[in-house]
Amino acid sequence: MNKNTVSGDIVDWQLRQMGASNITFVNSNMYIVDFKLEKGLLVSYVFNITRGDKYFLQRMRPYAMVQGKYANTAEIAEFIEKDLSRFRNAEHSSNFDKFIEISKKGAEFAEALENLFLNYNVDKDEMERMDEKLDKLLEHLEQAREKAAPIQMP
């Protein structure tokens, strides 16, 4: 007996007991791909290929970011090639370490916000203040983009 099948059945049963309205089992192959760049930065991707030849990709390192669905492996390879090229170029920037630090803080913020909202009864005014600060931060990012010179990729 396949242990994974038994574990999957147990999880399926538990989720149904919890009231899951739909559970779709997708038999897939998962790939984890690591690239070590020149200065030691590890860039990692995870993608799944299902029986129906559906592809889902996300970057896991240096920070997690869902990349989305792709039609075929050629599109995944093309995305990864361009993404790696940008990281290989960026790792030589004097601001690269700060960029990684800020990116990780963004992920930490999303997790902390979820924790706050799902575990505490947060005052509406407090939520409004956070929303206003985030709007200002997004505006600041847009202003920085407008001031910055675009990177010319080889």
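Before moving on, here are some points about what is shown:
- Whole-number accessible area per residue in Å² for the chain, which is evaluated in the context of all protein chains at 1.4 Å: 81
- Rounded to the nearest 20, the size of the Cβ-charge dipole of the chain about its Cα centre is 580 debye, with Lys and Arg at +1 and Asp and Glu at -1.
- Label sites at Glu75 and Leu137, each approximated as a point 7 angstrom past Cα along Cα to Cβ, lie 3.1 nm apart.
- A Gaussian network model of the chain, with springs between Cα atoms under 10 Å, assigns the largest mean-square fluctuation among Leu84, Leu137, Leu37 to Leu137.
- Among Ala144, Val33, Gln17 - extreme Cα towards positive end, dipole of the chain, charges at beta-carbon: Val33
- Aspartates and glutamates with Cα under 15 Å of Lys105, excluding same-chain neighbours fewer than 8 positions away: Asp97, Glu114
- Compactness relative to 2.2 N^0.38 Å, alpha carbon Rg of the stretch 89-142: 1.46
- Farthest positive-ward along the stretch 30-80 dipole, Cα basis, beta-carbon charges - from Tyr70, Phe47, Met60: Met60
- Student exercise, the stretch 60-116 dipole from Lys, Arg, Asp, Glu Cβ charges, in Debye to nearest 20: 100
- Carbon + sulfur, % of accessible area of the chain - ligands and nucleic acids excluded, 1.4 Å: 54
The values are calculated or read from the model by the stated rules, or taken from the named source; none is laboratory data. No experiment lies behind these values; they were computed from the predicted model shown. Note that each Cβ is placed from the backbone with ideal geometry, even for glycine, and that neighbours are counted across all protein chains shown. The area values use the complete protein model at the heavy-atom level, side chains included, leaving out ligands, DNA and RNA. Shrake-Rupley method; radii C 1.70, N 1.55, O 1.52, S 1.80 Å.
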